[in-house]
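The values are calculated or read from the model by the stated rules, or taken from the named source; none is laboratory data. Only a predicted model underlies this, so the values are computations on that prediction, with no experimental measurement involved. Cβ: placed from backbone, ideal geometry, glycine included. Neighbour counts: every protein chain shown. Side chains included, ligands, DNA and RNA excluded: accessible areas come from the protein's heavy atoms. Shrake-Rupley method; radii C 1.70, N 1.55, O 1.52, S 1.80 Å.
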Amino acid sequence: MFIILLAHTPGNPWTRWIPARWGFSDATEIFVFCSGMASAIAFGAVFERHGLAMGAVRTAHRVWQVYWAHIGMFMVIAMSMIMLNAIEFLPRDYVGQLNLYPFFENPIEQLIGLMTLTYVPNYFDILPMYLAILAMIPLVMALKKIGTWAVIVAVLTLWCAANVGRYFDLGFAFLEPLAVRLEFLHLPAQLWFEPPNNTREWFFNPFAWQLVFFTGFCLMKGWIPAPPVNRYLLVIAAAVVVLAVPFSNVGVREFGLDSARNWRIDHQYLIIKTDFGLFRYLHFLALAYVAWVMVGPKGARLNIGTVWPRVVAVIRKVGQQSLAVFLTSMLLARFLGAAFDVWREFYINPGTGEDGMSSSLWVQDVLFVALVNITGFAILIATAYFVGWIKRNPWKAEPAEKKLREPEPVSVLAGENAA
């Protein structure tokens, strides 16, 4: 959740250090994998206790919630961008920054597209992918009645079907007729646009991304065993993480490695984000394994000392309220980006001379960036705790004043001393 806030904040220097810059996978894989694990806890027990039909109803209820969260988030952010555009001193066109003019210029058709998920702008593409994957859970639970092998075969087959069109350049031209027949697996994101602009698909293909979701789901359900803690396996996983760095965004942009850039262009099908390329999956598994080993058995190393467990508790609270925190972060990121715009337009740029930024101005910029990001983190944490408090139904508790007025009942078993 914290990384997602940074990644969605325009002009945020801290994005240089997020996972997406250092490897093939990024925060999206973490989010989807953890969502799979959480769904196994939240919905798996319902299927086991109440059967397939009731489990499907419970899952459908969550899909319904996520759907309206997506619609509400779009409307609030779209309204907020209009509001920011109306503030004259702000230096940017915020509606255009999110490419929302097609919606406002043709609201009738695009509103139909929004409600039917056939108009999915890039900034608003995670929740549609998530709810589509959630809808697959009843099918996976039904396949489990046949056997774990049936689930694994179905998940892998669906991922391959979503990626079949990516391998034409390898000489597999005979797959083209199959890819045409499987075109329905690539959902339209601009169906109501005028041709040829109506061919863009969802940025996150749910039929491909379900692979990492159900990996987490199956691990949490115990359908597939956790990997052993093995020194050689750890070395291999760490090597995968390290060797990916030269071919990452850091390697291409920061180190200026032309060979890495050429490799990424020639092997795009292995790292493509839309259809969840194979190297993204392998890189994430390696990174997850290293992290899993580092935290120790059942997360024992997360409870070392007195300060760190409290930090972990806060992070865990944010994760427990992930939907509310995510919705908050998507809106918050736009306002944090506007704060960076104002800072640089009216303070940094006028103060930058021919020799570049002075040391004092550089320090001020670093401190301002830290202040903005830490404020954003604090708002996410406050959101998580507030939503957690609301979910406990505090209005049902006895008022504190009433408890003070009423004397404690005396136990007849306590005898005269208690009285």
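Observations, loosely collected:
- Close pairs from segment 368-388: first closer than 16 Å to Ile3 by Cβ, partner of a type in the set (A, V, I, L, M) and outside any helix (DSSP H, G or I), Cβ under 8 Å, at least 6 apart: Leu380/Met1
- The set of residues in segment 227-244 that are within 16 Å of Trp263 (Cβ to Cβ) and open to solvent by less than 100 Å² (accessible area, probe 1.4 Å) comprises Val240, Ala244.
- Which listed residue is exposed (fewer than 12 other Cβ atoms within 10 Å of the Cβ) and over 30 Å from Met115 (Cβ atoms), from Gly222, Gly277: Gly222
- For segment 114-126, the criterion of being over 20 Å from Glu29 (Cα atoms), in a helix (DSSP H, G or I), at pLDDT 95 or above and open to solvent by less than 60 Å² (accessible area, probe 1.4 Å) is met by at least one residue.
- Residue check for Leu233: part of a helix (DSSP H, G or I), hydrophobic (A, V, I, L, M, F, W, C), modelled with pLDDT of 90 or more and closer than 30 Å to Leu139 by Cα: no
- Residue ranges of helices (runs of 4 or more DSSP H) in segment 293-394 with at least 1 members in contact with a helix residue (DSSP H, G or I) (Cβ under 9 Å, 6 or more places away or on another chain) and more than 29 Å from Met79 (Cβ to Cβ): 307-320, 359-391
- Given (1) within 27 Å of the chain's Cα centre (by Cα); (2) more than 22 Å from Ile4 (Cα to Cα); (3) without any contact (Cβ under 8 Å) to a residue 12 or more places away in the chain, index of the condition Trp362 fails: (1)
- Filter result (under 22 Å from Gly216 (Cα atoms) and open to solvent by 50 Å² or more (accessible area, probe 1.4 Å)) within segment 303-316: Ile315, Arg316
- Of the residues Leu111, Leu143, the single one that is modelled with pLDDT of 95 or more, open to solvent by 70 Å² or more (accessible area, probe 1.4 Å) and assigned to a helix (DSSP H, G or I) is Leu111.
Residue-by-condition table, conditions (1) surrounded by fewer than 19 Cβ atoms within 10 Å (Cβ to Cβ); (2) under 30 Å from Thr116 (Cβ atoms):
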site: Arg181; (1), (2): yes, yes
site: Leu185; (1), (2): no, yes
site: Phe203; (1), (2): yes, yes
site: Val212; (1), (2): no, yes
site: Pro246; (1), (2): yes, no
site: Arg253; (1), (2): yes, no
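- Cβ separations smaller than 9 Å between residues 6+ apart or across chains give the following pairs from segment 139-167 residues that are under 22 Å from Ala45 (Cβ atoms) to residues that are in a helix (DSSP H, G or I) and of a type in the set (Ser, Thr, Tyr): Met141/Thr59; Val155/Thr215.
Let's see how each residue does on (1) open to solvent by 60 Å² or more (accessible area, probe 1.4 Å); (2) under 30 Å from Thr15 (Cα atoms); (3) at pLDDT 95 or above; (4) in contact with a Gly (Cβ under 6 Å, 6 or more places away or on another chain):
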position: Phe340; (1), (2), (3), (4): no, yes, yes, yes
position: Asn349; (1), (2), (3), (4): yes, yes, no, no
position: Val372; (1), (2), (3), (4): no, yes, yes, no
position: Gly376; (1), (2), (3), (4): no, yes, yes, no
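- On inspection, Ile133 fails the criterion of being open to solvent by 30 Å² or more (accessible area, probe 1.4 Å), out of contact with any Asp or Glu (no Cβ under 8 Å at 6 or more places or on another chain) and either modelled with pLDDT of 95 or more or in a helix (DSSP H, G or I) (or both).
- When residues of segment 255-267 are limited to those that are touching a helix residue (DSSP H, G or I) at 6+ places or on another chain (Cβ under 8 Å) and open to solvent by 70 Å² or more (accessible area, probe 1.4 Å), the one nearest to Met294 (Cα to Cα): Phe255
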